[in-house]
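So the structure is just underneath, and the comments pick up after that.
The values are calculated or read from the model by the stated rules, or taken from the named source; none is laboratory data. Just so it is clear, the model here is predicted, and its values are computed rather than measured. Neighbour counts run over all protein chains shown; Cβ positions are idealised from the backbone, glycine included. With ligands, DNA and RNA removed, areas are computed over all heavy atoms of the protein, side chains included. Shrake-Rupley method; radii C 1.70, N 1.55, O 1.52, S 1.80 Å.
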Amino acid sequence: MSIKEFLAKILAKYFVWKIKKWSKRPIQTQRKVFRELIFKARETSFGKDHNFSEINSYGDFVKNVKVKDYEGLSPYFNRLVNGEKDVLWPGKPLYFAKTSGTISGEKHIPITKDSMPTHISASRDAIFHYINETGKTGFLNKKVIFLQGSPIMEEINGIKSGRLSGIVAHFTPSYLRRNISPSWDVNCIEDWEEKVKEISLETMKQDMAVIGGIPPWVQMYFEKLKHLSKKKNISEIFPNFQLFVYGGVNFEPYRKMFKNLIGKEIDSIEYFPASEGFFAYQDSQKSNELLLQINSGIFYEFIKLDEMSLKNPTRVTVENVELGQNYVLIISTSAGLWAYNTGYTIAFTSLSPLKIIVTGRSKHFISAFGGHVIASEVERALKQSLETIPIKVNEFTVAPLISPKKGLPFHQWWIEFENTPKKEEVEGLASTLDKNMQIQNVYYRDLVEGKVLKKLEIIVLKKDTFKKYMKKKGKLGGQNKLPRLSNNREIVDEI
């Protein structure tokens, strides 16, 4: 065992002990974070506009600060972009994280001197949990690669701006710096297809132990490696590959395909990072639950998903959340986001410590026929359906067909398969998938049984269809994700 590995085990034990101290006291921890945020921001423009000096309780905060999304806070964001200081948080931001959805335009999320360290520490703590639980440290002496956006940044009125993953690349821990791939020059390539090719050429002879990134883009990397090396699977290229770190999308729809690509089962850690904050991470290999980061300068509020359409939905804190309920995640942070609607939906699986699963995005759902179908339900239904059918799915999205030329409306699944399936295989998958969807969502079942909807249909797409779509939209690679479902046909009509 190297000195690095020995020290890593000691540090892992220490940090896990520290984390357990605050995670076992969620209410007290969040109350402390709330008080600190309000106090520090009381002299900012936002603090003065919303009477922070008079806020003495959470109830006062709710009365003074309404829930807003990016557009609602845009007057303040615009002032930051124009170079003003003390707008949402004391001073000026260190960075602007550029972010964009598949449909929405570009946004600039502030990252401050106080919030930046929390993005780094959460990633570190996830690895320390892994080391402490498994005792595995060998990867610290081998190569690590994170497929991420370019670290090149532009300046906006003296503030550096770039993709979050590119910003984080500037904060690689010293103990990993010599192990990290790809090289700086290759990482700076903007064109994603060219970048993946160059990364593959550069890394295919390296002793890779840890690979991280968003699953569809890591899949692209694996396939390029196989093509260039002429090897059967990734384990033949990287025999010491032992840990996959991912975030951004649910890994379950990809798990079966990744096992085939890699050639063996490996450990994995799920992160829940966003430009707005690093919210949670998987702290155990025994469960896919994510430990909510309640001691990272983020104060959390939650609104039930089915109340979001109300004029004044009920806002609750960690003191009043319920297990299994779908909530929209609302945050106030040391980056200067206040009662900010992240658009993410989560459900609690544990209340002490606070653990969650990510269920989707509040804007990504199908409710065109009355039943509110969300991302986690379609992902679980597909995973269960593929357990008994030898078909590999690369990517998919779901959209409603409200006015078909003939018959009842239905949900249309646009699926890209690894290999083109036979007609009877598609029909079998559609039948099994519909049964599992009825189990996942009782409202969907009622609509089918009540003859409001007919059973779902599958549209078979050629391989790389979604990759071409994302490339056309300028969203190939990096942090970009394809929405699993939508309440309209904008995506599928373009495809």
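Brief remarks follow.
- Sole residue being under 27 Å from the mean Cα position of the chain (by Cα), within 30 Å of Lys473 (Cα to Cα), in contact (Cβ under 8 Å) with a residue 24 or more places away in the chain and surrounded by fewer than 20 Cβ atoms within 10 Å (Cβ to Cβ), chosen from Lys92, Lys107, Lys66: Lys107
- Test for Ile27: is it open to solvent by 80 Å² or more (accessible area, probe 1.4 Å), out of contact with any Ser or Thr (no Cβ under 6 Å at 6 or more places or on another chain), of a type outside the set (S, T, N, Q) and assigned to a helix (DSSP H, G or I): no
- The residues of region 132-147 that are out of contact with any Leu (no Cβ under 9 Å at 6 or more places or on another chain) and either open to solvent by less than 20 Å² (accessible area, probe 1.4 Å) or of a type in the set (S, T, N, Q) (or both), listed by number, are Asn132, Thr134, Thr137, Asn141, Ile145, Leu147.
- Check on Glu155, farther than 28 Å from Ile131 by Cα and either part of a helix (DSSP H, G or I) or at pLDDT below 90 (or both): no
- Lys226 being of a type in the set (Lys, Arg), surrounded by fewer than 20 Cβ atoms within 10 Å (Cβ to Cβ) and assigned to a loop (DSSP other than H, G, I, E, B): no
- Those strands (runs of 3 or more DSSP E) lying entirely in region 284-344 with at least 1 residues in contact with a Gly (Cβ under 7 Å, 6 or more places away or on another chain): 298-304, 326-333
- Of the residues making up region 80-101, those that are touching a helix residue (DSSP H, G or I) at 6+ places or on another chain (Cβ under 9 Å) and either under 27 Å from Asn480 (Cβ atoms) or of a type in the set (Phe, Trp, Tyr) (or both) are Leu88, Trp89, Pro93, Leu94, Tyr95, Phe96, Ala97, Lys98, Thr99.
- The residues of region 424-483 that are among the charged types (D, E, K, R), open to solvent by 20 Å² or more (accessible area, probe 1.4 Å) and more than 30 Å from Gly149 (Cβ to Cβ), listed by number, are Glu424, Glu425, Glu427, Lys435, Arg445, Asp446, Glu449, Lys451, Lys454, Lys455, Glu457.
- From Leu88, Leu37, residue being under 25 Å from Asn312 (Cβ atoms) and not in a helix (DSSP H, G or I): Leu88
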